[in-house]
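The block underneath contains the structure these notes are about, expressed in structure tokens.
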Amino acid sequence: MKRIGIFYGSNTGTTADVARRIAEKLGVASADVHDVSDTAPSRLGDYDLIVLGSSTWGSGDLEEDLYDFLDGAEVLDLKGKEIAIFGTGDQTMADTFCNAVGEIYRRMKRTGATMVGSFPADMYNFDHSSAGTPLEMVGLCLDEVNRPEITDRRIAEWVDLIKKS
């Protein structure tokens, strides 16, 4: 059985809440759910499946604690590990919807890990995202501001997908 760790950055608590909901669906203990503000990037190596999450801020920026965390994480050798990414955003920010997901993906590919968990975002309306297109995003994108009613179903479907990886 894969050892799963969830790592997230959250300013307002929304992404932390989503991380806990994902953990519950995956059967991950709270001790394996980590706020990156007080977690060393080296902890990523403790897990077989690494789930990383961030909110998207301003003009498409990562949650502030993710910058230092990813600086340390992207130089790790994570060959043999899998990484799945999730993020929260606001589809009314049509040119940057869930850009943080795309940034995490870009930086974590450098680790040699296998990236898993691509997922459609066709239920949202946006013009551009560095995380992909509505038909295929590099991870799970959620909009808790405008479409919270679809979040639980999207989490369940995504979790089923990454469990099979």
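The values are calculated or read from the model by the stated rules, or taken from the named source; none is laboratory data. Nothing here was measured: the structure is a model prediction, and the numbers come from that model. Note that we place each Cβ from the backbone using ideal geometry, even for glycine, and neighbour counts take in every protein chain shown. Note: areas computed on protein heavy atoms with side chains; ligands, DNA, RNA excluded. Shrake-Rupley method; radii C 1.70, N 1.55, O 1.52, S 1.80 Å.
Details
- Looking across the range 30-57, the residues that are small (Gly, Ala, Ser) and in contact (Cβ under 8 Å) with a residue 12 or more places away in the chain come down to SER37, ALA40, SER42, GLY45, GLY53, SER54, SER55.
- Per-region count, the range 108-121, residues within 16 Å of ILE155 (Cβ to Cβ) and part of a loop (DSSP other than H, G, I, E, B): 4
- Taken as a whole, the range 25-46 holds no residue that is assigned to a helix (DSSP H, G or I), among the polar types (S, T, N, Q), farther than 23 Å from LYS163 by Cβ and at pLDDT below 95.
- In this entry, GLU103 is excluded by the filter for residues that are under 21 Å from ARG153 (Cβ atoms) and open to solvent by 30 Å² or more (accessible area, probe 1.4 Å).
- Meets criteria (over 14 Å from the mean Cα position of the chain (by Cα), modelled with pLDDT under 95, under 17 Å from ILE162 (Cα atoms) and open to solvent by 40 Å² or more (accessible area, probe 1.4 Å)) for MET1: yes
- The range 35-81, residues that are among the charged types (D, E, K, R) and either farther than 15 Å from GLY5 by Cβ or open to solvent by less than 10 Å² (accessible area, probe 1.4 Å) (or both): ASP61, GLU63, GLU64, ASP65, ASP68, ASP71, GLU74, ASP77, LYS79
- Residue within the range 88-97 that is part of a strand (DSSP E or B) and either open to solvent by 40 Å² or more (accessible area, probe 1.4 Å) or touching a residue at least 24 places away in the same chain (Cβ under 8 Å) (or both) present: yes
- Inside the range 113-133, residues that are more than 21 Å from TYR67 (Cβ to Cβ) and either open to solvent by less than 50 Å² (accessible area, probe 1.4 Å) or within 15 Å of the chain's Cα centre (by Cα) (or both) make up a count of 10.
- Residues within the range 134-165 that are open to solvent by less than 60 Å² (accessible area, probe 1.4 Å) and not in a loop (DSSP other than H, G, I, E, B), tallied: 12
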